[in-house]
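Data first, discussion second: the structure below is written as structure tokens.
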Amino acid sequence: MGRDRAGGVRRRLAGGRGGASGSLGRGAHVSRRGLASSPGQLELADDRRMFVVIDVDENDYGKLKIGQTATLAFEAVGRRELAGKVVEVYPFISRALDQNRTARVKIELGPERVAGVVPGMSANAEVLISSRTAAVACPTASILVRPRGKFVYLVADGTIRETAVETGLSNWEWTEVTSGLAAGDRIAAPPESVRLQDGLRVVEKDREL
């Protein structure tokens, strides 16, 4: 069983080779500033500044701005999260990916470094585009979408009841609920093996989300 909670909700754009907004994609390779070299010559590079270039869906292009904060995680060094900042939003939409149009963003790694991060590595990247504090939020997976709107199954007196909700900011993990729920309400997380319906009896278990 899931438990609603009041807390901060942050909306992030995830980018990667897949270019799908909202999915945690894999960022393009890490790069560094340097001088191009010819065959047989050494390349001089300044590794004091390192960047990750990601692609996001074209629908999110207008939400991207220089200065936005980002979170980067490198699988090759244990997925430890590093802070970053958007330093460039490319002024064009790419059609390089089949069936996808994407916007390209350059993120600079912050001053904190992880030993072993080198040019050429891939990274998971998310860009923070908005946030809200003191919000009532619930797991995104617990919100069901039907033609008549969005709803959750509210748990009360050992049974569940379909309850309409309105939502605000969201990401893959959490969604802000602006109407229909209050902090402390309990909701049922839809299981894969059981179809939820009004009046279904449940056994509640507290679980830290």
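The values are calculated or read from the model by the stated rules, or taken from the named source; none is laboratory data. Not measured: the values here are computed from a predicted model. Cβ: placed from backbone, ideal geometry, glycine included. Neighbour counts: every protein chain shown. Note: accessible area is taken over every heavy atom of the protein model, side chains too, but ligands, DNA and RNA are not part of it. Shrake-Rupley method; radii C 1.70, N 1.55, O 1.52, S 1.80 Å.
Couple of notes before you dig in:
- Filter result for V194 (of a type in the set (A, V, I, L, M, F, W, C) and either open to solvent by less than 50 Å² (accessible area, probe 1.4 Å) or not in a loop (DSSP other than H, G, I, E, B) (or both)): no
- Being farther than 24 Å from D57 by Cβ, within 22 Å of the chain's Cα centre (by Cα) and either assigned to a strand (DSSP E or B) or at pLDDT 80 or above (or both) is a condition met by at least one residue of the stretch 103-115.
- Count - residues of the stretch 85-98 that are at pLDDT below 90 and within 19 Å of the chain's Cα centre (by Cα): 0
- Comparison of A189, A183 shows that the only residue that is closer than 30 Å to V127 by Cβ, assigned to a loop (DSSP other than H, G, I, E, B) and touching a helix residue (DSSP H, G or I) at 6+ places or on another chain (Cβ under 6 Å) is A189.
- Only one of the numbered conditions (1) in contact (Cβ under 8 Å) with a residue 60 or more places away in the chain; (2) over 30 Å from V127 (Cβ atoms); (3) hydrophobic (A, V, I, L, M, F, W, C) is not met by V194, and that is (1).
- Tally, over the stretch 131-158, of residues that are in contact with a Leu (Cβ under 9 Å, 6 or more places away or on another chain) and open to solvent by 40 Å² or more (accessible area, probe 1.4 Å): 3
- Residue match in the stretch 130-147 (condition: part of a strand (DSSP E or B), free of Cβ contacts under 8 Å to residues at least 60 places away in the same chain and of a type in the set (G, A, S)): no
- In the stretch 148-187, the residues that are free of Cβ contacts under 8 Å to residues at least 40 places away in the same chain and out of contact with any Ser or Thr (no Cβ under 7 Å at 6 or more places or on another chain): R148, G149, A156, D157, R161, E162, T163, A164, S179
- When A134 is tested against the conditions (1) closer than 25 Å to D57 by Cα; (2) within 23 Å of the chain's Cα centre (by Cα); (3) of a type outside the set (S, T, Y), the lone failure is (1).
- Of all the criteria given as (1) touching a residue at least 24 places away in the same chain (Cβ under 8 Å); (2) of a type outside the set (F, W, Y); (3) under 30 Å from F51 (Cα atoms), the one not satisfied by G199 is (3).
- Selection within the stretch 163-180 - open to solvent by 60 Å² or more (accessible area, probe 1.4 Å) and either hydrophobic (A, V, I, L, M, F, W, C) or part of a strand (DSSP E or B) (or both): A164, E166, W172, T178
- Test: residue in the stretch 56-68 that is modelled with pLDDT of 65 or more, open to solvent by less than 70 Å² (accessible area, probe 1.4 Å) and in a strand (DSSP E or B): yes
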